[in-house]
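Written below as structure tokens is the structure these notes are about.
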Amino acid sequence: MQQSNLIPAPPLSLKEGECCGNAAPVFSLEFFPPKTQEGIDKLIRIQRELQCLRPAFCSVTFGACGSTREGTLDMVLAMKRDGQNATPHLSCIGASKAQIHDIIDHYLAHDIQHLVALRGDLPSGTFDTGAFRYAAELVAFIREISGDHFHIEVAAYPEVHPQATSAEDDLRYFKRKIDAGADSAITQYFYNAEAYWSFVDACAALGVTAPIVPGIMPIMSFSRLSRFSEMCGAEIPRWIRRRMEGYGDDLASVRAFGLDIVTDLCARLLERGAPGLHFYTLNQAELTLEICRRLGLVTTGLNVSEVS
Ligand code: FAD
């Protein structure tokens with residue numbers, strides 16, 4: 001791990017009401033669970049490199065329909081042993097109440113205090129939705145069985161969830177998650193800051209005061225980003241797409257351009273009072289660190305690391 005000097009104050013855990021500009025920005029990091037013990041060990045080393053950001057929490061995704069259930073649990077416990085605020089994602093689609101209860105009990109037993117509660121992506125074809133159809137029902141169930149123990153994050157979609165019946169419905173359903181007991185939200189990634197501010201304003205008009213933290217996706221490869229964006233409904237603005245297409249196989253230019261636009265997006269979000277930034281690290285330290293270095297949040301050299 002390289003030596004780093006941190007500039008911002010230690011992050012705070014945001015609470016309801018600390019929507020924009022009321023508290024120091026909070027940074028958090030997201031990872032996906034590696035498949036092997038060797039991968040876990042390597043990811044812990046990467047997370048240590050990123051501790052110079054003093055993340056409020058580090059989250060670990062949960063595969064669709066519980067496909068990474070054990071992997072998420074193992075990674076979260078390894079992070080907890082490493083002294084991190086390990087934050088598991090938990091998706092409910094296809095799960096029974098007993099299965100979710102079991103996972104929650106496990107996290108209670110290990111004193112995990114922060115969760116990201118999701119519906120999860122629907123599998124293709126016919127399937128059994130399980131006991132919960134929507135994330136709001138999961139949030140309500142977690143509160144029912146564990147009271148106020150967990151700080152619960154939920155997902156938000158400034159550019160509208162791809163399966164939403166309308167933008168207005170999506171907003172109302174988002175509010176239901178907060179009303180069911182979620183403390184704060186993390187957005188799907190976006191490259192159009194106006195979509196985020198418009199969503200935040202619309203939430204405020206509905207009386208939602210929970211912090212909504214922008215999800216930030218560093219750009220590693222254009223083909224990978226295009227694939228992700230198609231699946232999750234995040235828009236790549238035409239001018240960005242055309243510039244990336246123009247770079248073709250020139251990965252260095254894609255990354256350099258990606259760093260410029262993502263840093264600029266983060267700077268503008270923080271300047272205007274976003275409550276923090278949640279980085280989708282894709283299990284790499286390099287791009288997130290470089291963006292934060294450019295933002296003046298850390299002073300550190302690059303140390304290229306990756307886990308797949
Ligand atoms: P919901 O909030 O339940 O919404 C899903 C859809 O249903 C929306 O279109 C909404 O408008 C609609 N809806 C909600 N309530 C109702 C209702 N009462 N009646 C009718 N329609 C309704 N996926 C994973 O599998 N694992 C992860 O670890 C994971 N992490 C994520 C982290 C973040 C920060 C984000 C933004 C997404 C993540 N996802 C993850 C993806 C997420 O699971 C998908 O986007 C999923 O399709 C929706 O999940 P949700 O929790 O937002 O669902």
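What the table shows:
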quantity	calculated
Listed residues Lys177, Lys97 arranged by accessible area, highest first, probe 1.4 Å	Lys97, Lys177
Against the rule of thumb 2.2 N^0.38 Å, how large the Cα Rg of the stretch 242-300 comes out	1.21
Convex hull of Cα atoms in the stretch 102-183, direction-averaged projection (nm²)	6.0 nm²
Whole-angstrom gap from the stretch 133-177 to the stretch 223-290, using each part's C-alpha centre	26 Å
Paramagnetic reach from Asp148 (point 7 Å along Cα→Cβ, amide N under 17 Å) across the stretch 195-215	210-211
For the stretch 197-239, convex hull volume per residue from C-alpha positions, Å³	97 Å³
For the stretch 132-201, accessible area per residue (1.4 Å probe, heavy atoms of protein chains only), Å²	42 Å²
Kirkwood hydrodynamic radius of the stretch 33-157, Cα pairs, Å	15.0 Å
Peptide ranges 286-296, 257-267, 179-189 listed from the most packed, as the mean C-beta count within 10 angstrom indicates	179-189, 286-296, 257-267
Residues of the stretch 51-120: accessible area per residue with a 1.4 Å probe, Å²	37 Å²
Average projected area [Cα convex hull, the stretch 145-294], square nanometres	10.0 nm²
GluC sites (Glu not before Pro) within the stretch 151-259, DSSP loop, no more than 12 other Cβ atoms inside 10 Å	none
For the chain, built as a Gaussian network whose Cα springs stay under 10 Å, the top-fluctuating residue of Ser124, Ser146, Ser166	Ser124
Total formal charge among the other residues, if their Cβ is under 12 angstrom from that of Tyr280, Lys/Arg +1 and Asp/Glu -1	0
Neighbourhood charge, 10 Å Cβ-Cβ cut-off, centred on Phe190 and excluding it, Lys, Arg +1 and Asp, Glu -1	-3
Net lengthening on full extension, Asp128/Ser221 (0.36 nm per residue, minus Cα-Cα)	30.0 nm
Kirkwood Rh and Cα Rg combined as Rg over Rh, evaluated for the stretch 113-231	0.97
FRET efficiency estimate (nearest 0.05) - Cβ-Cβ, Glu38 to Arg272, R0 35 angstrom	0.25
Convex hull (Cα only) mean projected area of the chain, reported in nm² to one decimal	15.3 nm²
Most positive-pole-ward Cα, Gly71, Ser198, Ala285, against dipole of the chain from beta carbon charges	Ala285
Carbon/sulfur fraction of accessible area - the chain, other protein chains in place, 1.4 Å, %	49 percent
Full-stretch length increase - Glu194, Asp179 - with 0.36 nm per residue and alpha-carbon distance subtracted	2.9 nm
Cut-off 15 Å between beta-carbons: net charge of the residues surrounding Ala252, Lys and Arg +1, Asp and Glu -1	-3
Selection from Leu118, Tyr134, Pro55, by position along the positive dipole direction of the chain (Cβ)	Pro55
Per-residue SASA entry for Lys175, accessible area with 1.4 Å probe, Å² rounded to 10	50 Å²
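The values are calculated or read from the model by the stated rules, or taken from the named source; none is laboratory data. From a predicted model like this one, the values you see are computed outputs, not experimental measurements. For neighbour counting, all protein chains shown are included, and Cβ atoms are generated from backbone atoms with ideal geometry for every residue, glycine included. The area values use the complete protein model at the heavy-atom level, side chains included, leaving out ligands, DNA and RNA. Shrake-Rupley method; radii C 1.70, N 1.55, O 1.52, S 1.80 Å.
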